[in-house]
Number of protein chains: 2
Amino acid sequence: MTSTDAPGTTQTQQRRPTRQRRAVAAALAGFDDFRSAQEIHDLISRQGDSVGLATVYRTLSSLAEAGEVDMLRNEDGEAIWRSCSDTHHHHLVCRTCGATVEVEGPAVERWTNAIAAEHGYADLSHTLEIFGTCPTCR
Amino acid sequence: MTSTDAPGTTQTQQRRPTRQRRAVAAALAGFDDFRSAQEIHDLISRQGDSVGLATVYRTLSSLAEAGEVDMLRNEDGEAIWRSCSDTHHHHLVCRTCGATVEVEGPAVERWTNAIAAEHGYADLSHTLEIFGTCPTCR
DNA sequence: CGTGGGTTTGACAATGGTTCTCAACATCGC
DNA sequence: GCGATGTTGAGAACCATTGTCAAACCCACG
Ligand SMILES: [Zn+2]
Ligand SMILES: [Zn+2]
Ligand SMILES: [Zn+2]
Ligand SMILES: [Zn+2]
C-alpha cells in the first residue's frame with residue numbers, strides 16, 4: 001500500500017536511527033542462535049533498554065526485508081530471528097539449544113533450479129533448514 | 001511425554017473409524033494442493049458432513065504423525081495440509097494457485113546428512129520446499 | 001441384543017503470537 | 001525553533017491453534 005511518489009520527488013528517507021532500533025541491533029549482536037521476538041524483547045530489557053514489543057516486531061520485520069536478519073519458523077510456527085551473513089545460505093540448527101551453523105550448498109541450489117525448470121515453474125524461492133542435536137547437547 | 005505401558009499390556013487400539021475421520025479422509029482425497037485446517041473444515045461442510053473444527057485439527061495432526069499427510073507452513077506461519085505419498089519427498093508449490101508437485105532428491109538427502117555429520121549433529125530432520133509460479137499461472 | 005469402559009467429539013473458553021490503532025513523540029531539513 | 005513526516009508504545013484486536021469436559025459413540029464381551 002505504499003503510495004506512488006509524485007514525479008521527481010526523492011524517495012523519502014526511511015529507517016531513521018532511533019534509540020529503539022539501536023537497541024534491537026545491539027541485542028541481535030549479542031547472540032548467534034535463532035530467537036523469538038519475545039526472547040529478543042526480554043534480552044533488550046535485561047540490557048537496560050526499554051523497547052515496546054510492537055517496535056521489536058516492526059524492527060525485526062524491516063531488517064528481515066532488508067536482508068540483514070534471517071527469519072524462519074520453529075516447529076510450532078513461531079517466527080525466530082537471527083543476524084546472518086548477507087549471502088544466500090541455509091541453516092543447521094540444534095533443536096535443543098538452538099546453536100546454528102550457516103551452510104551453503106551450491107549443488108542444492110542447482111538442484112532446486114533444475115527441478116523447478118523441469119516442471120515449468122518460474123520466479124523461484126526455496127526454504128531449506130536442517131534440524132538436529134548438536135555435539136554439546138548429546 | 002507418552003506414558004510407558006505396563007509390560008505385557010496390549011497397545012490399546014487407537015484410531016477408531018468414525019464418521020468424522022472418514023469425512024476428513026474424504027475431504028483430503030478431494031484436492032491435491034496444500035490447504036489450511038479451516039479450508040478443509042469448510043470443504044467438509046460443503047460436502048454435506050458436519051465435523052467440529054477441533055476434530056479436524058485432531059485428525060489432521062494424527063494423520064500427519066502417522067505419515068499419511070504432510071503438513072507444512074505457508075509464509076504466514078499457518079499450517080497447511082495435503083495427502084501425500086508415504087515415501088520421503090519434498091514439494092514444488094505454486095505460490096499463486098497452490099499446485100503441488102512432489103519431488104525427490106537423493107543427492108540432497110545425502111548432502112544434508114553429510115553436512116550435519118560434518119558438524120557433529122545427530123538425530124536429523126530437515127525441511128525443503130520450493131516455491132514458484134507454475135506454467136498455468138504464468 | 002444389552003452393558004460397561006475406554007475413545008472420540010464438539011461447543012466453548014483459553015492461549016499466545018502477531019498485528020492494528022492512534023495519540024504522543026522524535027527526527028530531519030530548513 | 002518549526003512544520004512535516006517518520007516512529008513509538010500501551011493496549012485492543014485478531015485469529016490460528018489447543019485445552020476443557022460432559023455427552024455421544026465404538027467395541028468387545030457376556
Ligand atoms: Zn541465516
Ligand atoms: Zn538455497
Ligand atoms: Zn508431501
Ligand atoms: Zn528430504
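Summing Lys and Arg as +1 and Asp and Glu as -1 over all other residues whose Cβ lies under 13 Å from the Cβ of A:HIS126 gives a net charge of -3. Altogether, the Stokes-Einstein calculation at 10 °C and 1.306 mPa s, with the Kirkwood radius of chain A over Cα pairs as Rh, returns a diffusion coefficient of 91 µm²/s.
FRET efficiency for the pair A:PHE31 and B:ARG58, taken as 1/(1 + (r/R0)^6) with r the Cβ-Cβ distance and R0 = 30 Å, rounds to 0.25.
For the protein assembly as shown, adding -39500 (n - 2.57) for each run of n ≥ 4 DSSP H residues and dividing by the number of residues yields -10500 deg cm²/dmol at 222 nm. Between the amide H of B:VAL103 and those of B:HIS90, B:HIS91, B:LEU92, distances stay under 5 Å, these residues lying 5 or more places away or on another chain, with hydrogens modeled in the peptide plane. Shielding by partners for peptide A:131-137, expressed as the average number of C-beta atoms from other protein chains within 10 Å of each residue's C-beta, is 6. Relative to its Kirkwood radius, the Cα radius of gyration of the protein assembly as shown gives an Rg/Rh of 1.01. R0 = 41 Å: FRET efficiency of B:ARG16 with A:THR127, Cβ-based, nearest 0.05? Approximately 0.65, to the nearest 0.05.
Inverting the mean 1/r over all pairs of different Cα atoms, compute the Kirkwood radius of the range A:74-128 and quote it in Å.
13.3 Å
Only protein heavy atoms count here; under a 1.4 Å probe, A:TYR57 has an accessible surface of about 100 Å². Across the identical copies, the 7 Å label point of B:ASN74, projected outward along Cα→Cβ, sits 2.4 nm from its counterparts, in ascending order. Heavy-atom accessible area with a 1.4 Å probe sorts A:GLU109, A:GLU75, A:GLU68, largest first, into A:GLU75, A:GLU68, A:GLU109. Rolling a 1.4 Å probe over the protein heavy atoms leaves A:ARG22 with an accessible area of roughly 150 Å². Heavy-atom accessible area for A:HIS91, with the other protein chains in place and a 1.4 Å probe, reaches approximately 10 Å².
The modelled label-to-label distance between B:ALA107 and B:HIS88, using points 7 Å beyond Cα along the C-beta direction, is 1.8 nm.
The values are calculated or read from the model by the stated rules, or taken from the named source; none is laboratory data. The shown structure was predicted, so the numbers you read here are calculated from the model rather than taken from an experiment. Quick reminder, even Gly has a Cβ in these numbers, built from the backbone with ideal geometry, and neighbours come from all protein chains shown. Calculation scope for accessible area: heavy atoms of the full protein, side chains included, ligands and nucleic acids excluded. Shrake-Rupley method; radii C 1.70, N 1.55, O 1.52, S 1.80 Å.
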